[in-house]
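The values are calculated or read from the model by the stated rules, or taken from the named source; none is laboratory data. Computed from a prediction, not measured in an experiment: that's the story for all the values here. Please note: Cβ atoms are built from the backbone with ideal geometry, for glycine as well, and neighbour counts cover all protein chains shown. For accessibility, only protein heavy atoms count, side chains too; no ligands or nucleic acids. Shrake-Rupley method; radii C 1.70, N 1.55, O 1.52, S 1.80 Å.
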Amino acid sequence: MLEIIGLDTRTQMVYETLVNSPPLTLEELRQELTISEADLNSALDDLAARGLFTWARGHPKRLVPAPPDIALEILLLERQQQINQARLFTEQLAERHRLASSGENPADVIEVISGRAAVTESIKRVFRDARTQIRLIDMHPYVLAPEILTSLHAETLRRGVSYRALYDVETVASLDLRAKTEPATAGSEQVRVLPAAPTKLLMSDDRLALLPIQSSPREIDSIAAVHPSAVLEALHSLFETLWQTALPLPGSDTPALIADTPTPVDSRIVALMTAGVPDRAIAAQLGLSYRTFQRRTRALMDLLGARTRFQAGLQAAFRGWVHHPNTSPTAPE
């Protein structure tokens, strides 16, 4: 059995049973498996924590697995980010070893900046001194007030400095996307989104990078300033790797949609897919053959510029396509 990343054998067996079956009641699931009730409850707790199944309404309640191509894509992205972080840490250790062996002073490579005022001034200096490009990984918490950051951002773009920004999903949810992406298209800014960002990071050209010293700080009052070195090159590689896997925001570096308004059926397909309803159940509810449903799904993903169901759901949410699916079937068009 091919192991699913992050799941133990028992939990994976329960998930595969759900995937291979129509929605099951808890009692039906127990009858399908040969494990103890305690092990089953433990596996279900693990699956629920990872969002790998939901309870369908009705009596009795039934377990509905999350579509594997969405759920497992997220697990793979999380593992890829863990690998990237581990690789970055390994490269940092190698650089520290090289410096120690060569007699160079590590303080010349990594400078610790402490104090809220000093951190704020360092961030402003990065924007002011940038000559060709700014690269940013953004997530909570924030150091600069939004109006200050907006002013620095606008001035940087006016000077012709290119700007690429990665945001995590939580940060994107708090942004005014229209205010964010429309000015970006007029300048030289590109914006993409990640399921989760590994760290905040601000880089100026190939000369300087700023990042928090703590992995998940509640507030940032100390940062590391990384100067040209193998560590800085590793941070460049981290950003470029994440950039390749991130999803462009609409209005940023993505082409305009052919149509901004989905048909009622397509809107229902997106809503039901986002809710985790299995494909065949969606097709049946909409009165579509499974082949027709697959064809419409592929067309939707092409329209949204998405490679995976996760990306399609995210892009549809950005465009306001996703609404709670009603319970009455919609006649196919």
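Largest first, how would F127, F89 line up by accessible area (1.4 Å probe)?
Greatest to least solvent exposure: F89, F127.
Can you give the FRET efficiency for I148 and D45, using 1/(1 + (r/R0)^6), R0 = 30 Å, r = Cβ-Cβ distance, to the nearest 0.05?
0.10
Under a point spin-label approximation (7 Å from Cα along Cα-to-Cβ), what is the A230-A94 distance to one decimal in nm?
Calculated label separation equals 0.6 nm.
Using a 1.4 Å probe, how large is the accessible area of H140, given in Å² and rounded to the nearest 10?
That residue has around 80 Å² of solvent-accessible surface.
If DNA, RNA and ligands are ignored and the probe is 1.4 Å, what is the ranking of W55, W243 by accessible area, most exposed first?
W55, W243
At a 1.4 Å probe radius, which order do T156, T34 fall into by accessible area, largest first?
Largest accessible area first, the list is T34, T156.
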